[in-house]
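Only the coordinates and a few stated rules stand behind these numbers; no lab work does. In this text the structure is predicted, and so the values were computed from the model without any measurement. All Cβ positions, glycine included, derive from the backbone under ideal geometry; neighbour counts span all protein chains shown.
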Amino acid sequence: MITLTGDQALVLSDWLERMEGSDAFDALVDDRAVWSALHQISGTLDKSLVAIFAPDYAERLQAARQRISGADED
């Protein structure tokens, strides 16, 4: 089981959404078994995150990124 904070889940979901199907992602993930696992994680995140459908999604995502980045400085 993987446990993520809400902020981590939101940021990871956004990154996976942008990367999946891109040339960079395809070059990085050259093993179909790994791709399958990442696709499952992406789908699970999308089902559990209502914030991705919020009108202020971009602002929520930016705030989550800032909170995570600030937490890494400690």
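Positive-end ranking of L49, L12, S22 along the dipole of the stretch 6-72, with charges on Cβ about the Cα centre, is headed by L49.
Calculate how steeply helix 32-48 sits against the longest principal axis of the alpha-carbon atoms of the chain, using the helix alpha-carbon long axis, and give the answer as 0 to 90 degrees to the nearest 10. That works out to roughly 30 degrees. Against the chain, whose longest principal axis is taken from its Cα atoms, helix 6-19 shows a tilt of about 40°.
For the stretch 6-72, a simple Cβ point-charge model (Lys and Arg +1, Asp and Glu -1, everything else neutral) yields a dipole of about 240 debye relative to the Cα centre.
In this simple spin-label approximation, D46 and E17 carry label points 7 Å from Cα along the Cα→Cβ vector, and these lie 0.9 nm apart.
Each distinct pair of alpha carbons in the chain adds a 1/r term; the inverse of their mean, the Kirkwood radius, is 13.3 Å. With contacts taken as Cα pairs under 8 Å at a separation of at least 6 residues, the chain carries a relative contact order of 51 percent. With a Förster radius of 22 Å applied to the beta-carbon distance between R65 and A33, the computed FRET efficiency rounds to 0.15.
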